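Derivation of every value follows stated rules applied to the coordinates shown; laboratory data play no part. All values derive from a computational prediction rather than experimental measurement. Don't worry about glycine lacking a Cβ; one is built from the backbone with ideal geometry, like all the others, and counts go over all protein chains shown.
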Amino acid sequence: MRKFFTVLIALVFVGTMANAQQHSDIVSQDIMNKIYQEVKTPYKYGLVMVPADALRKMDCPTVFRKGRYW
């Protein structure tokens with residue numbers, strides 16, 4: 001019986017922590033609009049990275065890391 005209560009308490013604790021984690025990441029609409037107003041731009045500057053041929057054009061180039069290489 002004691003083992004049952006220990007497991008039950010552990011499950012309740014894990015569930016509570018998971019629920020708290022979900023709600024802590026919510027950003028309000030007002031904050032999102034404020035950030036958008038700061039970063040938006042009406043200007044389009046063209047291609048940032050220009051490839052050698054037209055088949056390899058990219059709209060949104062990203063830089064990422066795989067292991068020790070960028």
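Take the Cα of residue 53, step 7 Å toward its Cβ, do the same at residue 12, and the gap between the two points is 6.6 nm. Across the range 53-58, rounded Karplus estimates of 3J(HN,Hα) from the backbone phi angles (6.51 cos²θ - 1.76 cosθ + 1.60, θ = phi - 60°) give 10, 6, 6, 10, 5, 10 Hz, Gly and Pro being marked x. With the simple spin-label model, which puts each label point 7 Å out from Cα in the Cβ direction, the residue 39 to residue 26 separation comes to 2.2 nm. Ignoring lysines fewer than eight residues from residue 34 along the same chain, the ones with Cα atoms less than 24 angstrom from its Cα are 44.
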